[in-house]
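**Student:** Sharing a structure, written as structure tokens. Questions coming.
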Amino acid sequence: MRNPDPVSHITNLHVAEDCLEHAYAREIIRRSGLPVSVVKGDGLPAIEGAYPANLSAGKKHLFLCRQRGRFFKPCPGTREYRCCGYHVLNIGMNCPMDCVYCILQAYLNNPWLSYFVNVEDLFAELDQGLQAYPQRLHRIGSGEFTDSLALDSLTALSPMLVEYMGRTSNGVLELKTKSVAIGNLEGLPHNGRTVIAWTLNSPPIAAREELRTASLEERLAAAARCADWGYLLAFHFDPIIWHPGWEEGYRHTIRRLFESVPREQIVWISLGALRFLPGLKNIAGERFPGSRFFYEEFVEGLDGKYRYFRSQRVEMYQVLVRELRRNAVDSTCLYFCMESDLIWQEVFGFAPGDRGGLAAMLDRAVALQI
């Protein structure tokens, strides 16, 4: 029987020597029940093979270590496209799930999963960042370099984050996932300041290109449970991928979304067409030779990533936006992730600047709910 918890794929646990006696690391070690390999000094876990050929094997290896850089910083974005202005909370790197299109394959240079155990520094940085600008609403996401909940049954980080955010007056946390690892979220005093989000796709794409992820129905059932627990919800159609039957596939997903969860608790929904770094096509092509979507026609964008031609992106966006507008309540913010004002005008009929900017649009949407 299929185990929907991504943690079940991990078979090897590595711990940096300077973390071995860290109390939180010891908790995770006990919870895992796995044998521990101690990585000495500045060493790294030994995974057979060279990168990126060892990516598949690396997803079975979890490395507990310290974050030596910053936990909390602005989303990098790009100046050429509209960014939503949120802050990244970097809790780890890589993911036990395996999406064919995942940009981390070309962005990172190591195959294993990293998880940062020095959470006392994480919360100190959050304190500093939120207190420095007390009048600003900080939208914070932990799903930039890893899935927010994929390791949560092992790390139990979500209760710490949710309870922390519940005590703030100027922070909102988004936990974005393709898993259904929500067991730690029940009964927490979130005070409306944590948004639980799922990435959704057309059923054929989810089945063929999102390996070891929860199914559409599993994700929506988990979202409905989180709604029952009082959480705000969000959904991300990203990446939108052209494939035979794409129109009906995405319409089906949108219909099932609004049949499954209370629409008034959906705070925002984003859309973003497939875009990828040039190196990703070769890496993913070698790892997933049966996938064909990288062999469509693309053009290099202003940010150096390959994208569908503008006319094709607009066509796909218009189909999804029409369906979403038929179902979503007015308070739900529909928006593009990393698109130009020209695309906004053509699909939505306005640019974010007309409404105070994309960050302000999202801030207003969540402020109505908390």
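The values are calculated or read from the model by the stated rules, or taken from the named source; none is laboratory data. Note that the coordinates shown come from a computational prediction; the quantities given were computed from them, not determined experimentally. Note that we place each Cβ from the backbone using ideal geometry, even for glycine, and neighbour counts take in every protein chain shown.
**Student:** Contact list please: Cβ distance under 8 Å, first residue in region 310-321 and in a helix (DSSP H, G or I), second residue acidic (Asp, Glu), pairs at least six apart or on different chains.
**Tutor:** Listed by first residue and then by second, the contacts come to Arg313/Glu339; Val314/Glu346; Val319/Glu247.
Rundown of residues vs (1) surrounded by fewer than 20 Cβ atoms within 10 Å (Cβ to Cβ); (2) modelled with pLDDT under 95, yes/no style:
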residue: Arg2; (1), (2): yes, yes
residue: Asp18; (1), (2): yes, no
residue: Arg30; (1), (2): yes, no
residue: Gly43; (1), (2): yes, yes
residue: Phe63; (1), (2): no, no
residue: Pro74; (1), (2): yes, yes
residue: Thr78; (1), (2): yes, yes
residue: Asn90; (1), (2): yes, no
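**Student:** Just for region 115-157: of the residues that are of a type in the set (D, E, K, R) and either in contact with a Cys (Cβ under 8 Å, 6 or more places away or on another chain) or at pLDDT 95 or above (or both), which one is nearest to Thr194 (Cα to Cα)?
**Tutor:** Taking region 115-157 as the starting set, the residues that turn out to be of a type in the set (D, E, K, R) are 120-121, 125, 127, 136, 139, 144, 147, 152.
From the residues that got through so far, the ones that are either in contact with a Cys (Cβ under 8 Å, 6 or more places away or on another chain) or at pLDDT 95 or above (or both) too are 120-121, 125, 127, 139, 144, 147, 152.
Values: Glu120: 20, Asp121: 21, Glu125: 18, Asp127: 17, Arg139: 10, Glu144: 16, Asp147: 16, Asp152: 15 Å.
Here the residue is Arg139.
**Student:** Same structure again: Just give me the residues in region 18-55 being under 15 Å from Asp98 (Cβ atoms) and in contact with an Asp or Glu (Cβ under 7 Å, 6 or more places away or on another chain), in sequence order.
**Tutor:** Once the filter is applied, which keeps residues that are under 15 Å from Asp98 (Cβ atoms) and in contact with an Asp or Glu (Cβ under 7 Å, 6 or more places away or on another chain), region 18-55 yields only Asn54.
**Student:** Kindly provide the set of residues from region 29-56 that are in a helix (DSSP H, G or I) and over 22 Å from the mean Cα position of the chain (by Cα), ordered by number. Quick ask: steps written out before the conclusion?
**Tutor:** Here is the first cut: in region 29-56, the residues in a helix (DSSP H, G or I) are 29-32, 55-56.
Passing the criteria: Ile29, Arg30, Arg31, Ser32.
**Student:** Let me spell it out: the conditions are (1) over 28 Å from Asp98 (Cβ atoms); (2) free of Cβ contacts under 8 Å to residues at least 40 places away in the same chain; (3) surrounded by fewer than 16 Cβ atoms within 10 Å (Cβ to Cβ); (4) more than 22 Å from the chain's Cα centre (by Cα), and Val299 meets all of them except one. Which number is the exception?
**Tutor:** Single failed check for Val299: (1).
**Student:** Further question: Just give me the residues in region 142-168 being part of a helix (DSSP H, G or I) and charged (D, E, K, R), in sequence order. Step through it out loud before you land on a result.
**Tutor:** Initial filter on region 142-168 (part of a helix (DSSP H, G or I)): 152-155, 157-166.
Passing the criteria: Asp152, Glu163.
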